[in-house]
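The values are calculated or read from the model by the stated rules, or taken from the named source; none is laboratory data. Please read all numbers here as calculations on a predicted model, not as lab measurements. Every residue, glycine among them, receives a Cβ derived from its backbone with ideal geometry; neighbour counts consider all protein chains shown. The accessibility values were calculated without ligands, DNA or RNA, using every heavy atom of the protein model including side chains. Shrake-Rupley method; radii C 1.70, N 1.55, O 1.52, S 1.80 Å.
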Amino acid sequence: MAKGIPEPPPIGETALRPGTFDGQVVLVTGAGTGLGKAIASEFARLGAAIAILSRKAEHLEAGQAAIEALGARVFTTACDIREPDQIRAAFDAVTEALGLPNVLVNNAAANFPVPAEDMSPNAWRTVVDITLNGTFFCARELARRHLEAGTPASIINVGASYAWTGGPGFAHSAAAKAGVKNMVETLAVEWGPYGIQVNGLVPGLFPHEDMTADIRSNLDRTHDKDPCQPALRVGRPRELGWAATFLASPYGRFISGHTLVVDGANWQRRSMTNPTVVPIREQMGKGPFEAK
Ligand code: HXC
Ligand code: NAP
């Protein structure tokens with residue numbers, strides 16, 4: 001009988017040696033919730049001081065509490081990554097509090113399911129602005145500071161597998177994530193000579209308690225999540241955190257320009273013939289299109 005991919009080791013275990021990130025500062029955007037919090041926690045467990053940037057005070061407080069519970073140093077500051085001036089000020093504050101970040105994890109993103117024909121221009125702009133533009137602005141800010149200082153760094157951009165496949169119901173996010181993946185390849189070449197690694201990290205399906213109502217309602221529509229995965233289970237957030245710490249560790253130094261997919265093979269085609277096409281409107285329980 002097929003049993004799927006076994007569960008990972010329990011939370012709290014690390015593959016890298018303790019202290020791998022001692023003395024390092026790791027900045028994770030959107031680390032007050034979900035996968036960003038999980039990624040930041042794994043860096044903290046390995047000795048890093050953590051900086052968290054996001055918009056909402058309650059998220060910053062939750063991220064701070066999670067990192068403090070691990071006994072690591074943490075600094076949080078409000079920042080909307082759509083705004084380069086806010087990013088510059090946030091990097092100044094982080095650098096003053098903890099030092100210049102050695103690692104940047106561009107995790108913050110925006111997304112909600114909507115049929116493309118229903119999507120308003122501002123809905124498109126909002127998702128692209130946060131997911132693609134925000135990722136570039138943060139990467140640029142880190143690189144400029146390291147180029148000036150002559151110091152190495154590591155950047156990880158969190159992506160999504162519909163960067164390759166397209167994502168029905170997510171035209172904005174899929175296009176933005178395709179840009180994020182492509183950006184990894186360009187920046188890794190431009191900044192490699194200065195010692196800056198740039199990689200992508202793509203989560204498969206990783207449900208977590210902080211998922212927005214929009215994303216959760218979309219997941220709730222797919223009945224059984226585990227049997228829909230080739231691994232017969234979804235991802236555990238710590239599995240993404242372990243992958244991030246490896247990519248930014250001294251043992252992953254020669255990996256650059258790569259996008260690592262951590263999804264139990266969920267984005268590969270999984271049947272001999274394709275399933276019947278169901279229009280996205282129907283999948284989302286929406287009636288016929290009406291121009292408003
Ligand atoms: C249609 C929507 C919408 C929805 C918002 N909009 N939600 N349109 N369906 N469900 C439209 C609004 O009407 C508005 O357009 C425009 O988007 C901007 O909305 P605001 O609420 O003004 O934007 P803002 O306050 O900046 O909030 C951004 C947000 C919000 C993206 C809308 O959801 C957010 O803060 N998200 C952050 C967290 C997040 O998205 N996490 C998901 C990451 S998961 P109009 O025209 O009315 O002005 C992920 C991969 C998951 O990326 C894959 C799982 C399978
Ligand atoms: P999430 O919990 O909704 O986290 C998104 C984070 O981004 C929030 O903490 C939010 O904080 C922050 N953020 C959003 N807009 C921002 C802005 N303008 N400026 C600064 N911060 C902003 O989502 P998640 O599931 O953990 O997703 C994390 C990453 O994984 C994203 O890149 C997502 O695309 C990717 N991903 C997730 C899955 C999954 O199954 N969970 C699958 C594929 C890809 P504030 O609200 O405080 O700003």
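Conditions: (1) open to solvent by 20 Å² or more (accessible area, probe 1.4 Å); (2) free of Cβ contacts under 8 Å to residues at least 40 places away in the same chain. ALA90 meets all but one. Number of the miss? ALA90 satisfies all of (1) open to solvent by 20 Å² or more (accessible area, probe 1.4 Å); (2) free of Cβ contacts under 8 Å to residues at least 40 places away in the same chain except (1). Of all residues in the range 95-114, exactly one satisfies the criterion of being away from ligand 1 (no atom under 16 Å from the Cβ), β-branched (Val, Ile, Thr) and surrounded by fewer than 23 Cβ atoms within 10 Å (Cβ to Cβ), namely THR95.
ALA62 falls short of the stated requirement of being assigned to a helix (DSSP H, G or I), within 16 Å of ligand 1 (Cβ to nearest atom), among the aliphatic types (A, V, I, L, M) and in contact with a helix residue (DSSP H, G or I) (Cβ under 6 Å, 6 or more places away or on another chain). One residue alone among SER173, SER120, SER154 is away from ligand 2 (no atom under 13 Å from the Cβ), open to solvent by less than 20 Å² (accessible area, probe 1.4 Å) and polar (S, T, N, Q), and that residue is SER154. State all residues of the range 24-50 that are of a type in the set (A, V, I, L, M) and either part of a loop (DSSP other than H, G, I, E, B) or over 18 Å from THR131 (Cα atoms) (or both); if no residue qualifies, say none. Residues satisfying the conditions are VAL25, VAL26, ALA31, ALA38, ALA40, ALA44, LEU46, ALA48, ALA49, ILE50. Whether a residue is more than 11 Å from ligand 2 (Cβ to nearest atom) and among the polar types (S, T, N, Q) was assessed, and THR20 passes this test.
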